[in-house]
Amino acid sequence: MSEAILSNETKGLINKNVIIEAKNLSVAFEAHTVLKNVDLFVEKGETLVLIGPSGQGKTVLLKTLAGLIEPTAGTLSLYHKQWRGLPENEKIKILDKMGMLFQKNALFDSLSCGENIAFPLREKTQKSELEIQEIVDYFLESVGIIHAKNLYPEEISGGMQKRLGIARALALMPELIFYDDPTAGLDPITSKKIIELILELKKKNNATVIAITNDMNRAYQMADRIAMVYQQNLIITGNVEETKKHSNPAVHQFIKGELLGPLNSSFENL
Amino acid sequence: MKAIFFFFDDFGSSIIFLKDILKTMIFRPCSRRLVFEQIWQVTIQSLPTTAMAGFFVGAIMTVQFAMQVSEFGALPYLGGLATSGTIREIGPLLIAFMLSGKVGAYTSAELGTMRVTEQIDAIRCLGADPIQEIILPRFIGIIISSFFLLTIGLIMSVVGGVILGYFFSGINPEEYVRHIPTILAWPSLLSGLIKCLTFAVVLATICTYKGYFTTGGAKGVGRSVVSTAVTTMMSIVVADWGTSFVGEIIINMCKDYFL
Ligand SMILES: Nc1ncnc2c1ncn2[C@@H]1O[C@H](COP(=O)(O)OP(=O)(O)OP(=O)(O)O)[C@@H](O)[C@H]1O
Ligand SMILES: [Mg+2]
C-alpha cells in the first residue's frame, strides 16, 4: 500500500493534477538546517496533514511551500511554475489562489475584525461595499464571531482570533489553503466544528488543503494523506489507516503519544 | 572589518530596495487614496514641530545676521539673507531631521512590528504585494509631505524673522520682506528644493527598508528604530555635503557655458 504512495511521489512529474512539487528542498537559517532534501507532491483536491514534534520544522515547511521562505537548495514548483525567479506578477497570480492561516494568526491589528476579512476582498475583487459586507458577515457567522465584527483583534480571545484568521484565509475562496494549527487553543467542540467548516469549504470549491495539527483526532478527521516532519526529513506515512499501522517507531510513538521511544532523545536536543 | 563589510552590505541592499520601490511605482502603482492618507498623516503629525522649528530658525538667523550685518549698515537686507540661508541649507536639513525623528522612527517601528507579527507575510498570502500596498504609499507620502513641511517651515521662518527683526533690531517688517526677492535667487530656491527631495528620498528609503527587513521580535523592532534614526541622520549629513558638492560643480559648469 505504501508503494502506491511512493509511486505517487515519483509520478508527480507527469501528473497534471500535481499543483505543488517540491524536490530536494532544503531550508536552513544560517548554520541551522531545518529541512534537508524534502520531496513532496501535492495533488489538486487532496488534504495533506503535517504532523510532527514541536520545533521540527512544520511551520517552516508550510511557509516554504507557500513561497514565503526561500529554500536554500532544491526546487519548488507551484501550479507547474518554478517559483524561484518567477516574475512578480506571475507570483501574485499564484498567490491569488492561495489562502493561509498563520500559527500566530498574523491579524491586521490596526483593522477591526470585519475589516480584516474585508481587506482581501477590497484588494483583490471589484465587489461593491454591500457585497463585501455580506461576505464578511457570512464568514464571521460561519466561524461564530459575528458579534465581534467591530472589535479589534486585541479585544477578542485567542480562540476567536484563530477563528478570525481562518475566516480571513477563506474570504477569497482560495483553491489552495494552508492551515498552521487551525485548532490550537480551541475547545474540543469548537475545534471539531472548525474542521467541519474547513472540510465543507474545501468540498465547495474542490480546494486543496495542507494543514498542520498535532491533534491526531482532528488529523484523522480531515486527512487524505498524513506526513510527519521529523529530523529534517518528511516521512510520508500515507492515509489514515496506513499511518495508524506505520512501521516507523517514531511515527508510531508520536501518534500514540507515548513517552518512551525514539522521540525522547530528539526532545532533549531541542 | 566586519562592520565595514556590514555597512556596504546594508547600503547595497537598501539601494536594491529603492530600485524595487521605484519599479513598483512605475509598473504597479498603488491606489491614490493610500498615498493621500499617508501625506495627510505625515503632514499632520509633523506640522506643529516643523512650524515651531521654522519659526525659531528664522528668529535665530535674523538675530545672528543682524549683529554682523549692522556693522556694514546693510540691515535692510537682513530679511533676504536670513530667508535665503534658510531655504538653501537650514530649512531642508531641519525638516529632514524633524522627519527622521518623528516619521522615520514611526514608520520603521510600524513596519517592523508588521513584519515580526507576520502581517507582511499575511498581506502577501492574500495575493497583495506588500511593497505596493504598504511601502509605496509611505514612501511617496513622506517625500511629498516633506515639501509641504518645507514650505510651512519657510513661511514660519519668515514670520519668526520679521518678529525678531522688529523687536531685536527695529527693522520695519515691510522692509524685511521687500528685500527677500532681491537676494533670494533661483539657484538658492532650486538648491533648497533639490536638497529637500534628496533628504526625503534618503529618509523614506532608510526607514521603510529598516522596518521592512526587521527580524527578531520586539527587540528587533527596537533595533530597527534605533538604526533608522542613526543611519538617517548620518546619511542626511553626507547627502547634504554631496548635494552641495555636486550643486557647486553644476553651477560652475553652467557659468562656463553661459558666460
Ligand atoms: N526565522 C527563523 N530564523 C531562525 N530559525 C528559525 C526561524 N524560523 C524557524 N526557525 C527554526 O526552525 C525550527 C523549526 O521551527 P518551526 O516553527 O517550523 O517548528 P514547528 O514544527 O512548526 O513547531 P511547533 O509545533 O512548535 O509550531 C526551529 O528550531 C526554529 O528555531
Ligand atoms: Mg509551528
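Rounding to the nearest 20 debye, state how big the charge dipole of the stretch A:108-223 is about its Cα centre with +1 on each Lys and Arg Cβ and -1 on each Asp and Glu Cβ.
Values: 13 positive and 17 negative charges, 76 e Å.
Computed charge dipole of the stretch A:108-223: roughly 360 debye.
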Original post:
Where does each of A:29-35, B:1-7, A:54-60, B:131-137 land if you order them by average Cβ count within 10 Å, highest first?
Top reply: B:131-137, A:54-60, A:29-35, B:1-7
Subject >> log10 of Debye I(q)/I(0), alpha-carbon scatterers only, for the protein assembly as shown at 0.06, 0.07, 0.12 Å⁻¹ >> reply: -0.41, -0.53, -1.11
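Looking only at other chains, what is the average number of their beta-carbon atoms within 10 angstrom of each beta-carbon in A:63-73?
Working: counts 3, 0, 0, 3, 2, 6, 1, 0, 0, 0, 0.
Across the residues of A:63-73, the mean count of other-chain Cβ atoms within 10 Å is 1.
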Original post:
Mean shadow of the stretch A:136-225, computed from the convex hull of its alpha carbons, in nm²?
Top reply: 5.5 nm²
**OP:** Could you point to the residue in A:Val38, A:Leu260, B:Val116 farthest towards the positive end of the protein assembly as shown's charge dipole, with +1 and -1 charges on the Cβ of Lys/Arg and Asp/Glu respectively?
**Re:** A:Val38
Original post:
Hey, how many Å between the Cα centroid of the stretch A:67-107 and the Cα centroid of the stretch B:60-131?
Top reply: 38 Å
Original post:
Which value, in debye to the nearest 20, describes the size of the charge dipole of the protein assembly as shown about its Cα centre when Lys and Arg Cβ atoms bear +1, Asp and Glu Cβ atoms bear -1, and nothing else is charged?
Top reply: 540 debye
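Using the Cα atoms of chain A to build a convex hull, what is its mean projected area in square nanometres? Let's see the in-between values first.
Working: hull surface 60.1 nm².
Averaged projected area of chain A's Cα convex hull equals 15.0 nm².
What order do you get for A:136-145, B:240-249 when each peptide is scored by the mean count of other beta carbon atoms within 10 Å, highest first?
Details: A:136-145: 18.4, B:240-249: 13.3.
With the highest mean Cβ count within 10 Å placed first, the list reads A:136-145, B:240-249.
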**OP:** Using every Cα-Cα pair within the stretch A:192-261, state what percent have a distance larger than 15 Å.
**Re:** 56 percent
Subject >> the stretch A:52-207 - Rg (one decimal) and Dmax (whole number), Cα, Å >> reply: 16.0, 47
Original post:
Using bins 10 angstrom wide from zero, how does P(r) for the stretch B:107-259 break down, in % of all Cα pairs?
Top reply: 10, 26, 25, 21, 12, 6, 0
Original post:
Tell me, what are the semi-axes, in whole angstrom and largest first, of the equivalent ellipsoid of the stretch A:118-166 as set by the roots of 5 times the Cα gyration tensor eigenvalues?
Top reply: 21, 11, 9
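Which of the peptides B:70-76, A:89-95 is most tightly packed, and how do the rest follow, going by the mean number of other Cβ atoms within 10 Å of each residue?
Numbers: B:70-76: 12.1, A:89-95: 16.6.
Packing proxy ranking, top to bottom: A:89-95, B:70-76.
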Original post:
What is the average number of partner chain Cβ atoms found within 10 Å of a Cβ in B:112-125?
Top reply: 6
Original post:
How large is ³J(HN,Hα) for each residue in the stretch B:149-164, as worked out from phi by the Karplus curve 6.51 cos²θ - 1.76 cosθ + 1.60 (θ = phi - 60°), to whole Hz, x for Gly and Pro?
Top reply: 5, 4, 4, 5, x, 5, 4, 5, 5, 5, 4, x, x, 4, 5, 5
Subject >> Cubic angstrom per residue, convex hull over Cα atoms of chain B >> reply: 164 Å³
Subject >> Dipole magnitude of chain A, debye to nearest 20 (Cβ charges: Lys/Arg +1, Asp/Glu -1, about Cα centre) >> reply: 460 debye
Subject >> Ranked list, fewest to most other Cβ atoms within 10 Å of each Cβ, for B:Arg178, B:Arg115 >> reply: B:Arg178, B:Arg115
Original post:
Using Cα atoms only, what is the angle between the long axis of helix B:186-212 and the major principal axis of chain B, expressed in degrees (0 to 90) to the nearest 10?
Top reply: 20 degrees
**OP:** May I ask you to sort B:Lys255, B:Lys23, A:Lys23 by Cβ crowding, counting other Cβ atoms within 10 Å and putting the fewest first?
**Re:** B:Lys255, B:Lys23, A:Lys23
Subject >> Within 10 Å of each Cβ in A:211-224, the average number of Cβ atoms from other chains >> reply: 0
Subject >> Leading residue at positive end of dipole, the stretch B:40-258 (Cβ point charges), from B:Ile152, B:Thr231, B:Leu99 >> reply: B:Thr231
Original post:
Any idea which of B:Trp40, B:Gly192, B:Gly220 is furthest toward the positive side of the dipole for the stretch B:40-258, if Lys and Arg beta-carbons carry +1 and Asp and Glu beta-carbons -1?
Top reply: B:Gly220
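Order of B:Phe213, B:Phe36 from fewest to most other C-beta atoms within 10 Å? Intermediate results must be reported in sequence, preceding the final value.
Details: B:Phe213 17, B:Phe36 14.
Fewest-to-most Cβ neighbours within 10 Å comes out as B:Phe36, B:Phe213.
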Subject >> Helix B:217-258 vs. chain B, principal-axis angle (Cα, 0 to 90°, nearest 10) >> reply: 50 degrees
**OP:** Taking chain B as the reference, fit the longest principal axis to its C-alpha atoms, fit the long axis of helix B:105-116 to the helix C-alpha atoms, and give the angle between the two in degrees, 0 to 90, nearest 10.
**Re:** 0 degrees
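Values in this text are rule-based calculations from the coordinates and carry no lab data. For clarity, every value in this text was computed on a predicted model and none was experimentally measured. Using ideal geometry, Cβ is built from the backbone for each residue, glycine included, and neighbour counts are taken over all protein chains shown.
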